[in-house]
Amino acid sequence: MVWRLLEERKKQKEFKMGIILKVRDLDPRERSLTIDELVSREYEIPYSKKKTITRRTVYRWLDMLKNAPDPGKALLKNPRPDRGTFRKLTKEEQKALMGWRRRNPKHGADKLREELMENPALAKEQPASEQTITRFLRAKRLDRKTVLRQMEPQKAKKSTRLAFQARYPQAVWMGDTKGPDLRLVNPKSPEGVSPAKLVVFVDDNSRFCVGAQYFLEENAETVMALFKTAIATYGVPEILYVDRGAPYVANALKSAAALVGCRVMLTPPRDPESKGKAEKLMPQFTDGLESELNLLESPLIVDQANEYLAAFISQDYHQRVHSVTGEKPVDRYAAFPEQYRRFVSEDTLAMIFLPCVKAVVTKTSLIHLHKRQYLVPDPSLCRQRVDVRFDPLDSSKVLVFFQDKYRGAATLYEPVGDYLERQAALEKMRTPPPLELPTPPFQGWPAYTYLERKLGNFRREIEKNREINEELAELKARKEMVRATLTATPNAGKPCRYDVFGLAEFTHLLSMLLRRQLDPSERLKVATLWRHYGPLDESTVRQTVGRLLGEQVSEWDLSAYLDAIQVAACTLKPAEKEGGQKNDR
């Protein structure tokens, strides 16, 4: 604090002396003309918002230098007599701030100010600002950076990285596991509690947290369970970007993601920090949530911790404006139209996200798994390496996938292995007992439908397999359609009239009129306008855009064009609006 004050006084004196040396040795007439020239300029005055100086100020500096007993101390700024007293903070507030910081050094000035406003013992009409609280704690050497540096060992410098961002939501999800800073109840542990690990999935474009949950054990099954829940709620992303931890490199996760049209990308070796957006999210959970949960008298169970976690994410993190995007994560993610998201049915998800292993089908159509044999219904898979998905709670059957296609369920096969039982069965087959069949009447019995029933079951099973494979193929095709729609380049040429004027035609018309490609963020703004004020009339759009182009509005200022179209849509007469909707979708 002292060295900053000395530096400030030094730079201000250098600036003043630079002005004084230009006029000190001049005669009165030349001095007056020089001062007129100096006061007409603009300067970068150190530690001041002013850009100019006045004649009175220059003459005052001359008198101060002339009458100063010590020229070395002349022109120095006098320090404020009340510096360091913090008049906006009462003694009770100062004691409270110092106590709260010692209790939990990870709370920021905004949280401390909020506590001053809401605490009934300290609330007043005009509380101190965040800057005042920060200066007070820094003066007491209780600022957050200093306290954390004393508590944590100094970390090595990290390599320089370049920022990147997905072009639209659902393009990239980042997954990461947070270190065990919270202990929860675990009946299986001898101590009764165990460190809990937090698994988080966050959308790269919007910084929206699509999945977060505490687990007592981190493995491939827990990661897949959270990923499955996130997909069922928010849809399938195009890329899942994770580090090379054991739960994320499991073949089961890669195979399940590939089936739903999601690519799993891994960070470079020994470089998990490359997924910085997920890494920067973790301190918020440590400071805002876990630091408070650790101060509770008794540890929580997993369900209670996850309930606190969900409340913190939805009520705090999603509602704060992000420092990079300038928007709330929930608003930025909600602006992405739901029609561009890809969802999978619950039955298909339940089947795909089962534990998966590789197996080879023998020449007798058998699969050996967990010391059991399963009979594969498709003989064409003999001697092929397949993916086998199984339910740990149901060993009667397993699901067989080959080349990302579902090929049916393999049932448990238990052959007779006892030699005596086999010989008895052979003797019985060789000498069957005589069987006297009664003569049935000529009519009155139902038809024999064994083969028809077997054929019907076989056809239904094939149809079920076809439905699952068609759903997966449609999901991957929709992924390519969404990507092509959000990154498409408009065709060059003269704009034409549309038989049906919908959202796609509206976006294409804007691209043609502005003679440039709309990036994904601009397409989201166009879709949001159509959703709230559409359907729009083609002629209205053409007239509005043409008028702004005639007024030489920049074609890169899309917001100005959308605002004008919004005003035109709101001011249409009811008859005109009804007439313009006849050809809309």
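The values are calculated or read from the model by the stated rules, or taken from the named source; none is laboratory data. A quick note: this is a predicted structure, and the numbers were derived from the prediction, not measured. No Cβ is skipped: glycine too gets one built from the backbone with ideal geometry, and neighbour counts run over all protein chains shown. To get the accessible areas, we keep the full protein, side chains included, count just its heavy atoms, and leave off ligands, DNA and RNA. Shrake-Rupley method; radii C 1.70, N 1.55, O 1.52, S 1.80 Å.
Quick check: residue separation of residue 270 and residue 413 times 0.36 nm, minus the Cα distance between them. What number comes out in nm? Don't skip to the answer; put the middle values down first.
Working: separation 143, 0.36 × 143 = 51.48 nm, distance 4.52 nm.
Net length gain for the segment: 47.0 nm.
Decide, for region 185-344, between rounded, prolate and oblate: order the square roots of the alpha carbon gyration tensor eigenvalues as a ≥ b ≥ c, take rounded if a/c falls under 1.5, and otherwise choose prolate if a/b is larger than b/c, else oblate. Intermediate values should be presented prior to the final figure.
Working: a/c = 1.71, a/b = 1.22, b/c = 1.40.
Note, shape of region 185-344 comes out oblate.
On full extension of the chain, what length is gained from residue 38 through residue 91, given 0.36 nm per residue of separation minus the C-alpha to C-alpha distance?
Details: separation 53, 0.36 × 53 = 19.08 nm, distance 4.72 nm.
The span from residue 38 to residue 91 would gain 14.4 nm if fully extended.
Could you check how much of the accessible area of region 353-419 is carbon and sulfur, as a whole percent, using a 1.4 Å probe?
Numbers: 2060 of 4030 Å².
Looking at region 353-419 in its full context, I get 51 percent from C and S.
Which aspartates and glutamates have a Cα lying under 13 Å from the Cα of residue 363, excluding residues fewer than 8 positions away in the same chain?
Leaving aside aspartates and glutamates fewer than 8 places away in the same chain, those within reach of residue 363 are 378.
Is the shape of region 105-236 best called rounded, prolate or oblate, per the rule: a/c under 1.5 gives rounded, else a/b larger than b/c gives prolate, else oblate, with a ≥ b ≥ c the square roots of the Cα gyration tensor eigenvalues? Don't jump to the answer; show the numbers that get you there.
Numbers: a/c = 1.81, a/b = 1.50, b/c = 1.21.
It comes out prolate by the Cα gyration axes.
Using amide H atoms built 1.01 Å from N in the peptide plane, name the residues 5+ places from residue 43, or on other chains, whose amide H lies under 5 Å from its own.
Close amide H contacts, sequence-distant or interchain: 52.
Carbon and sulfur together cover what percent of the accessible area of region 92-222 at a 1.4 Å probe radius?
Details: 3770 of 7710 Å².
Answer for region 92-222: carbon and sulfur cover 49 percent of the accessible area.
Defining a contact as two alpha carbons under 8 Å apart and six or more residues distant in sequence, what relative contact order in percent does region 252-390 show? Walk me through the numbers before you get to the answer.
Details: 98 pairs, mean separation 26.5, N = 139.
This gives 19 percent for region 252-390.
Tell me the label-point distance for the pair residue 395, residue 323, using the 7 Å Cα-to-Cβ offset, in nm and rounded to one decimal.
Taking the simple label geometry, residue 395 and residue 323 are separated by 5.5 nm.
Give the calculated FRET efficiency between residue 47 and residue 484 to the nearest 0.05, with a Förster radius of 60 Å applied to their Cβ-Cβ distance.
Values: r = 55 Å, r/R0 = 0.91.
It comes to 0.65.
In whole Hz and in residue order, list the ³J(HN,Hα) couplings for region 540-546 that follow from phi through the Karplus curve 6.51 cos²θ - 1.76 cosθ + 1.60, θ = phi - 60°; x for Gly and Pro.
Each residue's phi maps through the Karplus curve to give 4, 5, 4, 5, 5, 5, x Hz.
At a 10 angstrom cut-off on C-beta neighbours, averaged per residue, how do the peptides 179-188, 229-238 rank from highest to lowest?
Working: 179-188: 15.9, 229-238: 20.1.
Descending packing order for the listed peptides: 229-238, 179-188.
For 113, 141, 60, write out the residues from largest to smallest accessible area, computed with a 1.4 angstrom probe and no ligands counted. Write down the numbers at each step before the final one.
On the way: 113 65, 141 160, 60 120 Å².
Per-residue accessible area, sorted high to low, gives 141, 60, 113.
Report the Cα centroid-to-centroid distance between region 82-151 and region 503-523 in angstrom, as an integer.
Between the Cα centres of region 82-151 and region 503-523 lies a distance of 50 Å.
Two decimals is fine: what's Rg over Rh for region 256-384, C-alpha atoms, Kirkwood radius as Rh? Mind showing how you got there, number by number?
Working: Rg = 22.6 Å, Rh = 20.1 Å.
Ratio of gyration radius to Kirkwood radius for region 256-384: 1.12.
Between residue 380 and residue 515, what is the spin-label point distance in nm, taking each point 7 Å from the Cα along the Cα→C-beta axis?
The answer from the label model is 5.6 nm.
How much length would be gained if the chain were fully extended between residue 125 and residue 298, taking 0.36 nm per residue of separation minus their Cα-Cα distance, in nm to one decimal?
Numbers: separation 173, 0.36 × 173 = 62.28 nm, distance 3.65 nm.
Result: 58.6 nm gained on full extension.
In whole percent, how big is the carbon plus sulfur part of the accessible area of region 281-328, probe 1.4 Å, protein atoms only? Please report the intermediate quantities before stating the final value.
Working: 1350 of 2630 Å².
Carbon and sulfur: 51 percent of the exposed surface of region 281-328.
5 Å is the cut-off here: which amide hydrogens, built 1.01 Å from N in the peptide plane, fall below it relative to residue 193, excluding neighbours closer than 5 in sequence?
Close amide H contacts, sequence-distant or interchain: 186.
Cβ neighbours within 10 Å, averaged per peptide: list 335-341, 505-511, 298-304 in order, most packed at the top.
On the way: 335-341: 16.1, 505-511: 20.1, 298-304: 13.7.
Descending mean neighbour count gives 505-511, 335-341, 298-304.
For the pair residue 373 and residue 17, how long in nm is the line joining their label points, each one 7 Å along Cα→Cβ?
Each label point is offset 7 Å from its Cα along the Cβ direction, giving 9.8 nm.
Considering only DSSP states other than H, G, I, E and B, which GluC sites (Glu not before Pro) in region 3-61 qualify as loop sites with at most 11 other Cβ atoms within 10 Å?
Taking region 3-61 and a limit of 11 other Cβ atoms within 10 Å, the loop GluC sites (Glu not before Pro) found are 42, 44.
Could you tell me the accessible area of residue 407 in Å² (1.4 Å probe, neighbours in place), rounded to the nearest ten?
70 Å²
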